[in-house]
Amino acid sequence: MAGVSFGKALRVSGSMKLSVGKNSAITIGDNFQLISGRMYNSIGRNIKSCLRADDQSKIVIGKGVGMSNVCVWAKVSIEIGDYVKIGADTIIVDSDMHSLNYLERRNQQTDAVNAKKRPVKIGNDVFIGTRSIINKGVTIGDRAIIAAGSVVTANVPADEIWGGNPAVFIRKSE
């Protein structure tokens, strides 16, 4: 598929949704593993994974990354470092997807284009627990851990464990 490149030893279990817009790219490193639907991961049930880079956006995924039943949707930029593990049913987005102005939301032409967008960056060796949501503008530092079910709206420093809705600091990681 145009706009998609991947390294060696790509493994995808199940079928997934892959979408690349104009002037966009999805780049995946070596030893990437994706689980998608078909109950390959019981926690993810039958949810299909989705990697979507809309027009003029990019998704960059490092080496040794594993994901289960995820949605990664870029309107600007989402970067995921090396050796990251992302739990089932996690959503990573770099946009609100819709305008926060109700009048703009009424019109399909003005709605999405006026949504706030900011890049997401996830460092190396990060672990994101199942059913978490990573929102626009967030940077997660190396070796950080995000507890299951968290909604991350603020930057997470390296070597820290965060959790909750909204996610807050819990303690330093080991």
Student exercise, the chain dipole from Lys, Arg, Asp, Glu Cβ charges, in Debye to nearest 20:
400
Considering only Glu160, Glu104, Glu79, give the residue with the highest GNM mean-square fluctuation for the chain, with springs between Cα atoms whenever their separation is below 10 Å.
Glu104
Tell me the relative contact order for the chain as a rounded percent, counting alpha carbon contacts under 8 Å between residues six or more apart.
14
Taking alpha-carbon centroids only, segment 120-139 lies from segment 78-109 a number of Å equal to 12
Taking only Cα atoms and a 10 Å spring cutoff, compute GNM fluctuations for the chain and point out the largest among Asn69, Asn107, Asn46.
Asn107
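Where both residues lie in segment 88-157, what percent of DSSP beta bridges are antiparallel, nearest 5?
10
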Tell me, what ³J(HN,Hα) does each residue in segment 138-144 have, in order and in whole Hz, if you take phi through Karplus 6.51 cos²θ - 1.76 cosθ + 1.60 with θ = phi - 60° and put x for Gly and Pro?
8, 10, 10, x, 3, 6, 6
Set Lys121/Lys172; Lys8/Lys75; Lys85/Lys136; Lys22/Lys63; Lys58/Lys116 screened for pairs whose C-alpha atoms are more than 23 Å apart:
Lys8/Lys75; Lys22/Lys63
Using a 10 angstrom cutoff on alpha carbons, build the Gaussian network for the chain and name the most mobile of Arg131, Arg105, Arg118.
Arg105
For segment 161-174, what does the Karplus curve 6.51 cos²θ - 1.76 cosθ + 1.60, with θ = phi - 60°, yield as ³J(HN,Hα) per residue in whole Hz, taken in order and with x for Gly and Pro?
9, 10, x, x, 9, x, 5, 10, 4, 9, 5, 5, 8, 7
Taking θ = phi - 60°, what integer Hz values does the Karplus form 6.51 cos²θ - 1.76 cosθ + 1.60 yield along segment 75-85, in sequence order, with x for Gly and Pro?
10, 10, 6, 10, 10, 10, x, 7, 6, 8, 10
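With a 1.4 Å probe and all protein chains left in place, how much accessible area per residue does the chain have, in Å²? Walk me through the intermediate numbers first.
Working: 8900 Å² over 174 residues.
Here the residues of the chain average 51 Å² of exposed surface.
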Just by accessible area at a 1.4 angstrom probe, what is the order of Asp94, Asp89, Asp125 from largest to smallest?
Asp125, Asp89, Asp94
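Could you give the Stokes-Einstein D for the chain in µm² per second, using the C-alpha Kirkwood radius, 25 °C, 0.890 mPa s? Mind showing how you got there, number by number?
Details: Rh = 16.2 Å.
Answer from the Stokes-Einstein relation: 151 µm²/s.
The values are calculated or read from the model by the stated rules, or taken from the named source; none is laboratory data. No experiment lies behind these values; they were computed from the predicted model shown. As a convention, Cβ positions derive from the backbone with ideal geometry for all residues, glycine included, and neighbour counts pool all protein chains shown. Just so you know, the surface numbers come from the protein's heavy atoms only, side chains and all, with ligands and any DNA or RNA stripped out. Shrake-Rupley method; radii C 1.70, N 1.55, O 1.52, S 1.80 Å.
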